[in-house]
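Read through the structure below, which is laid out as structure tokens, and then see the notes.
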Amino acid sequence: MSDRDGVRLALERAGVTIDHREILRHIDLQVPRGELLVILGNTDSGKSTLLRAIAGLDPLSSGELHIDGADVRRLRTEWRGAAMMMQNFPLWPNRSVSGNVAFGLEQQRMKRSVRKLRIQHALARVGMLDFRRHWPWQLSDSQRQRVALARTLAAGARLNLLDEPFSTQDEQHRRGLAQMLKQLHQDQETTTLIAARDGQALVPIADRVAVLHDGRMQQLGTPQALYDTPSNRVVAETMGRANLIEGETEHVGEQTLFRAAGDLVIPLFDGALVRPRKGTAFFRPHDLRPVCEEQATRENQVCFSGRVDHVEFLGGVIRYALKTGDIKLWMDQARSDDPQMPRVGQQIMVGLAPEKIRILDA
Amino acid sequence: MTPKQPSSWKRVSVTLCLLGLLALLVAWPLGGLFWDVVPTKHGEWEALRRILVNNDLQESAIRSLLIALTACALASILAVPLAFAAVRSTPLARGTIIALGILPLFTPPFVSAMVFGRLSEVLSDLGLSMTQASAGVFDDHLLLILTYASHFLPFILFSLLIRLTTIDRSLQETARNLQASRWKIWRTVTLPQAAPAYAFGACVALLKMLEDVGAPLMLGHNDLLAPQLLSGLHLGSEQGMRLAIAAALVLFTISALIVLLAWHPLSRATSSTATGKQPLRWRRGPAMRLVSVGLILAVGAVSLGPLAWLVVLSLGGGTSGKLWPTLSAHNFTAALQSALPSLPPSLTFAALTGVMVMLLSTLAAVLYRPSTRSGRSVRFAVNTLFAVPGLVLALAYWEMIGQYRESWPGITLFALISVVVLKQIPLAQHLFNGPLRELRNGGLTSAANLGSAASARSLGISIPTLSGAMGGAFAIGLAAALSELSAVLVLLQDREIPFAVQVYHTLRTVGQGPIGAALGVFLAGLLAAALLAVYAQLRRPWRQAHPVNRQTANALAEMV
């Protein structure tokens, strides 16, 4: 792998086995310099292990790992130039908040005055400047996590690895910290990998998103690509609420149909043609619209008739849960003052354009 | 942050009872002992001054302190690298180190001293004098230093090992990620975490060395502080008693100063930050492996050597300057016959002590709450017991119960049990730190939130969780009572009960050496059983819960 390609981090068919258990398998990943990559996945999907392997805390059992073009598999952690924030955000109990943040800077042998300034900046960014003289045991979990984040970012490493950096933060702090992270990332031109279970605050600031499941990379791409065209139902569900209907495709004359449980038949757009017979029909809640029968016929829409089971208030959007036989569908509608908005228990017809439906592997 | 909590009246009243009991059993006798030497007339001041500035006493104090410090340093030279090697080595190597490390505790110091003494005699006859090796720096105290260093090595080793295994591995990993060198990580992360544990082990060892009389007497060193106290008492005269009290005052002052200097590590429960993961292990090169093997061999020699030599002595070897004259198991039969009558009362005394240690240490541990004043008072009172040498407390009891000894013989046994129990409580209460932390970190609150009644919480959660530590405390009391010599020599003097005194007297009787050694083997067996019981108890219920528990339990179990 050449450094001239502008690739900061490259993993090729990387695998990690711990205690005879294969945690990661065949991971291929290239992260260009200056990219902010968010790695999403459920618990035990291998996100933390991936970051630990890159940092050198867990050895690769197979594959290759390059940082700035250099093979770092045999390089010690402390020489890899990757600063990692651990999931449990440990702070050294014998050092104050300032002392903790100073640790990474102490390695760089910078002047005390410069160091002090950088500590103050780092703490100010995460809103912890007023706590700089406190001790770790005097802080709440949320505060400790922000100090750990400041400590990692203050080190100014070429590669930042953040494992669940906002897990204990409230929604307001999450958004603020995410914006700060994006800004800092742009200013410092570092490369950042963030592992998280919930990508709500992180996906908006990501350049690319990777989804891990069961130790395998499911899909890697821009947030929009993963949201609109997920490769499988894991990715579809990870990227947000999805309507997923199990069934199988069949050809009737020249038309392709998707037959789901309860005799629900969905005519498919040509672009949705797929190889497997069994599969999952996928579309997003915002693709569904309330329609009348005439409009549906006129616009050649796929229609579902169902009863409004419950309603979720999401601020600017109202999310409806519809029961169509055994199938549950989600529909997002922009909030309005229209008195005709569906109500709970009401029988309504909803439709979507056939090209919005994708058939995913079963 | 720990919020301040109000104390319930029940808790406060139990706390007051415990504090009252400690005042009654410790402060009163000690106050009475030292009050007696407070002069009331001009002439008495002069007499006290003469005793305190007595050159012999001053020299004894300095000599005792120097010997204890040297032995402590010597034990540390082996124990500290051993603990670091154990925590980073394979489970098999760690198990070997732990198994070897616990062996010195199987023999009381006076038995170890006898073993070293006989070994030195044999080596002298072979032309290899051990005392000459000290190049005259410690005259002939080298054997005593070696005895103490080998016997108290486990205190430092296990105290440090527990802490090292419960340091959160991610603290070190984070430092590595921030480009810190190994040296920097050791200096800034590991050392600050481990230093209090080392200080704890070293201070406890130091205090126990200072108050020990068995080993110096066995090696014929009457010029130390503790033996001087005993010989002053045994003089039987008023002058002798004054000397004993003066020695007690100096010993108490030195102990109190040590406790004062090491108050933080002695009094505070080290907070476990363990995440359940194995401690950080560096990549081990051939040099590291070689060092580990060397350390295991060294601890093997220090631990197994004296025990093996004790067995050889009990078989009749090592006598008359010859290594193997005639080995015979006959000594064991003779020893068993002489030991049998004293065993039942000794075991009863040990069991009583164990029960008392268990009850009082449980009470002290449960009452301790850092957020309440009453809780802190209990911990403070219990930890101040570290500063009271058992020998001094025994002397205080001897003085206090003087006139009742004849009319009520049972009071001496009560005094003896009190001394042994009170000396074990500060150590035993540390066994409860782990389980209590788990209980208070949510176990009890969750049960209360689920509507469980107080009695059900006690029966279903608290007692099962604490049972391992309670069993451990019982076994610690049992082991302490079986090996106690200092307090027994003060309070019971020439009696053959408990068992340790019988072993001591037999070993000091001319011509009875092999039988004494065989009795020493029996005593080692009893102590081994008691200490293994502590280990087994600590591995019981609450270790099953989750990895953090299991690791802390293992660490605690390793301590004993």
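Averaged over peptide A:131-141, how many Cβ atoms belonging to another chain are found within 10 Å of each residue's Cβ? Show your work: numbers first, answer last.
Working: counts 0, 0, 0, 1, 0, 0, 3, 2, 1, 1, 0.
Other-chain Cβ atoms within 10 Å of each residue's Cβ, averaged: 1.
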Quiz item: Hey, fewest Cβ within 10 Å first, where do A:R133, A:R33 land in order?
Solution: A:R133, A:R33
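Which three semi-axes in whole Å describe the equivalent ellipsoid of the range A:1-95, each the square root of 5 times a Cα gyration tensor eigenvalue, listed largest first? Don't skip to the answer; put the middle values down first.
Values: eigenvalues 88, 64, 39 Å².
In descending order, the three semi-axes are 21, 18, 14 Å.
Obtain the radius of gyration and the Kirkwood radius of chain A from its C-alpha atoms and give Rg over Rh.
Details: Rg = 24.3 Å, Rh = 23.0 Å.
Checking Rg against Rh, the ratio lands at 1.06.
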Quiz item: For the residues A:D309, A:D263, what sequence is obtained by ranking on other C-beta atoms within 10 Å, fewest first?
Solution: A:D263, A:D309
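Please report the antiparallel percentage of DSSP beta bridges with both residues in the protein assembly as shown, rounded to the nearest 5.
Working: 62 of 80 bridges.
Rounded to the nearest five, the antiparallel share is 80 percent.
What does the charge count near A:F282 come to, summing +1 for each Lys or Arg and -1 for each Asp or Glu among other residues with Cβ under 12 Å from its Cβ? Mind dumping the intermediate values first?
Details: positive: A:R233, A:R241, A:R284, A:K356, A:R358; negative: A:D228, A:E237, A:E246, A:D287, A:D361.
So the environment of A:F282 carries a net charge of 0.
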Self-check item: Average other protein chain Cβ within 10 Å of Cβ, residues A:87-100
Solution: 4
Self-check item: Under 13 Å, Cβ to Cβ, from B:A175 - net charge with Lys/Arg +1 and Asp/Glu -1
Solution: +4
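With an 8 Å Cα cut-off and a minimum separation of 6 or more residues, compute the relative contact order for the range A:3-238 in percent. Display every interim value, and only then the final one.
Values: 461 pairs, mean separation 64.2, N = 236.
This gives 27 percent for the range A:3-238.
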Practice problem: First check a/c for the range A:25-67, with a ≥ b ≥ c the square roots of the eigenvalues of its C-alpha gyration tensor; if it is under 1.5, answer rounded, and if not, answer prolate when a/b is larger than b/c or oblate otherwise. | Solution: oblate
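Return an integer: the convex hull volume of the alpha-carbon atoms of the protein assembly as shown, in Å³ per residue. Write down the numbers at each step before the final one.
On the way: hull volume 223.3 nm³, N = 922.
Looking at the protein assembly as shown, the number lands at 242 Å³ per residue.
Would you order A:M85, A:M110, A:M349, A:M239 from fewest to most other beta-carbon atoms within 10 Å of each residue's own beta-carbon?
Numbers: A:M85 25, A:M110 13, A:M349 17, A:M239 22.
Sorted ascending by nearby Cβ count, the order is A:M110, A:M349, A:M239, A:M85.
For the range A:243-361, what D do you get in µm² per second when you plug the Kirkwood radius from alpha-carbon pairs into Stokes-Einstein at 4 °C and 1.567 mPa s? Each step should come with its number before you reach the end.
On the way: Rh = 14.8 Å.
Result for D is 87 µm²/s.
All of the numbers you see were taken from the coordinates with simple rules; none came from a lab. These figures come from a predicted structure and were not determined experimentally. All Cβ positions, even for glycine, are placed from backbone atoms using ideal geometry, and neighbour counts span all protein chains on display.
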